[in-house]
Amino acid sequence: MLNILIKNGHIVDPSEGLDGTGHIIIENGKIKEIALDSGGKKEKSRPIKTTPSGRKALRVFEAHGLFVIPGLIDMHTHLREPGYEYKETIKTGTMAAVSGGFTNICAMPNTNPVNDNSSVTDFIIRKAIQEGACTVYPVGSITKNQNGEELAEMGIMFSEGCIAFSDDGKPVMNSLIMRRALEYSKTYDVPIISHCEDSNLTEGGVMNEGLLSFTMGMGGIPSEAEETMVARDIALAGLTKGKLHIAHVSTAGSVRLIRQAKESGIPVTAETCPHYFTITEEAVQTYNTNAKVNPPLRARKDLEALQEGLKDGTIDVIATDHAPHHRDEKRMEFDRAPSGISGLDTALSLSLKLVQEGTITFSQLIEKMAQNPARILGLKKGKLKVGHTADVVILDVHKEYTIRSEQFLSKGRNTPFDGWNVKGKPVATISKGKLYEW
Ligand code: DOR
Ligand code: ZN
């Protein structure tokens, strides 16, 4: 592994108080030195007295005009391996992650077999070490086979390396099981990531319920299908004091409920995804199955509430919910196609749009895509800090480009953003000390 010197980049890490031009030295996969020129945070500034010459070969990366930020952490990725390798593998999914600026990702358990036991957890961890371009943290299922009926062996999966539990893709409809999961999660201090959906209310639905679903003649999914479960889980988090994290928030009502819960001191955190704050249900008007996702794309008022929630801190995290599907599966009638959007390749550029529009600051973006996920997951990651694993993104915020799904490193080309012109792209990502350049 090459040692790396990143020169003259604009280093930004709000968690470390870093904001200024300087240098970073990476040695043996770890951050060895961070040195800001004058004007940065003084106590973190150390002039480079020596370069690691005479030790290992040094790669010098000239980052003038570029931002240097912590590697991003995706709390919500579907890697599909084991079982659905035709959609994505650990190898292709982690390559897509790294090209999108993510150096740590959480693999959701709805694989085949489901990650509901330690042998599947162990398989994912081993495979990711062998073939993964970035670090993969498995998320174990809450219930056996994600059936919602019987708790999985959370303790053993935690010992094997699961860092959170979720039945994502499906809700935990039984409130007693959810209560127990929140209670057990306290023992391990890990989050329960809740896919909030009342499956009785969503039955037969394929898009947001409203005037558009009515005129298109499609089954609707009301906002209340999400919000009733958000309200239930908040109540259970209040009861148990377990660590609740709400996945893929899509409605204005959910934002309100989470805001109120936080105000009253209930331990809840939440994420939303770029598609929910960038586009609305209008994207499915042409029966474009690449815009079919669960929860569905919502109305303008929901998009605005999500942006407000990101701005005021109600929504802690921007996650991708990267859900790759095969082209042939998406090439079907709208109501028969699977739900999901491939998000790793585009998440950072779409989130930077919020910064460009003045909705959130660049620091907030880093908080929501690195620092907060690390805090919620209890990881010593998401920071530019001496001694930490070298997970770093070198970002050109001015680079304009057109999203071309055929250029994705993910096998999943299912995106409603194909052909969009966006601004801001990683030019290099350093993952576990290894440099990837595009
Ligand atoms: O759209 C979705 N796709 N939502 C989910 O909850 C699951 C995911 C998938 O696994 O494809
Ligand atoms: Zn998901």
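The values are calculated or read from the model by the stated rules, or taken from the named source; none is laboratory data. Since this is a predicted model, take the numbers as computed values, not measurements. Ideal geometry is used to build each Cβ from the backbone, glycine not excepted, and the neighbour counts take in all protein chains shown. Accessible surface is based on the protein model in full, side chains and every heavy atom, while ligands, DNA and RNA are left aside. Shrake-Rupley method; radii C 1.70, N 1.55, O 1.52, S 1.80 Å.
Which order do peptides 324-337, 260-273 fall in by mean Cβ count within 10 Å, highest first?
Ranking, from highest mean packing down: 260-273, 324-337.
Considering all alpha-carbon pairs of segment 389-435, what whole percent are spaced by more than 18 angstrom?
Tail of P(r) above 18 Å: 46 percent of Cα pairs.
So for each of 92-102, 125-135 I average, over its residues, the number of other beta carbons within 10 Å; can you give me the resulting order with the highest mean first?
92-102, 125-135
Report relative contact order for the chain in percent, whole number only (criteria: Cα-Cα under 8 Å, sequence separation at least 6).
Reported relative contact order: 18 percent.
Hey, what number do you get for the chain at 222 nm if only DSSP H runs of n ≥ 4 count, each worth -39500 (n - 2.57), divided across all residues, to the nearest 500?
Working: 14 runs with 128 residues, N = 438.
Estimated from H runs of four or more residues: -8500 deg cm²/dmol.
State the extension gain, in nm to one decimal, for the chain segment bounded by Tyr436 and Tyr401, taking 0.36 nm per residue of separation less the distance between their alpha-carbons.
In short, 10.7 nm is gained.
Give the dimensionless ratio obtained when the Cα radius of gyration of the chain is divided by 2.2 N^0.38 Å.
Against the compact-globule rule of thumb, the ratio is 0.95.
Figure the gain on full extension for Asn145 and Gln260 (residue separation times 0.36 nm, minus the Cα-Cα span) and round it to one decimal in nm. Intermediate results must be reported in sequence, preceding the final value.
Values: separation 115, 0.36 × 115 = 41.40 nm, distance 3.34 nm.
Value of the extension gain: 38.1 nm.
Within segment 144-190, which GluC sites (Glu not before Pro) sit in a loop by DSSP and count at most 12 neighbouring Cβ atoms inside 10 Å?
Hits after loop and neighbour filter: Glu149, Glu150.
Placing unit charges on C-beta atoms (Lys and Arg positive, Asp and Glu negative, everything else neutral), compute the dipole magnitude of the chain about its Cα centre in debye, rounded to 20. Show your work: numbers first, answer last.
Details: 51 positive and 54 negative charges, 359 e Å.
Result for the chain is approximately 1720 debye, rounded to the nearest 20.
Once the dipole of segment 116-204 is set up with Lys and Arg at +1 and Asp and Glu at -1 on Cβ about the Cα centre, which of Gln130, Leu201, Pro191 lies farthest towards its positive end?
So the residue we want is Gln130.
At 0.36 nm per residue, and after removing the present C-alpha to C-alpha distance, how many nm does the segment from Leu176 to Asn28 gain when stretched out fully?
Roughly 48.5 nm would be gained on extension.
What is the distance, in nm, between label points placed 7 Å from the Cα along the Cα-to-Cβ direction at Lys353 and at Asn200?
3.7
Would you mind telling me the antiparallel percentage of the DSSP bridges in the chain, rounded to 5?
50
Based on the Cβ-Cβ distance from Tyr287 to Leu379, what FRET efficiency comes out when R0 is 60 Å, to the nearest 0.05?
Details: r = 41 Å, r/R0 = 0.68.
Once the sixth-power term is evaluated, E becomes 0.90.
Take the alpha carbon atoms of segment 83-119, find their center, do the same for segment 156-195, and report the distance between the two centers in whole angstrom.
Cα centres, segment 83-119 to segment 156-195: 19 Å.
Please give the solvent-accessible surface of Trp420 in Å², to the nearest 10, using a probe radius of 1.4 Å with every protein chain present.
That residue has around 80 Å² of solvent-accessible surface.
Determine the distance separating the Cα centre of segment 363-438 from the Cα centre of segment 200-236; give it in Å without decimals.
Centre-to-centre distance over Cα atoms comes out at 32 Å.
Which residue fluctuates the most in the chain, going by a Gaussian network model with Cα springs under 10 Å, if the choices are Ile246, Ile156, Ile193?
Result for the chain, Cα springs under 10 Å: Ile156 fluctuates most.
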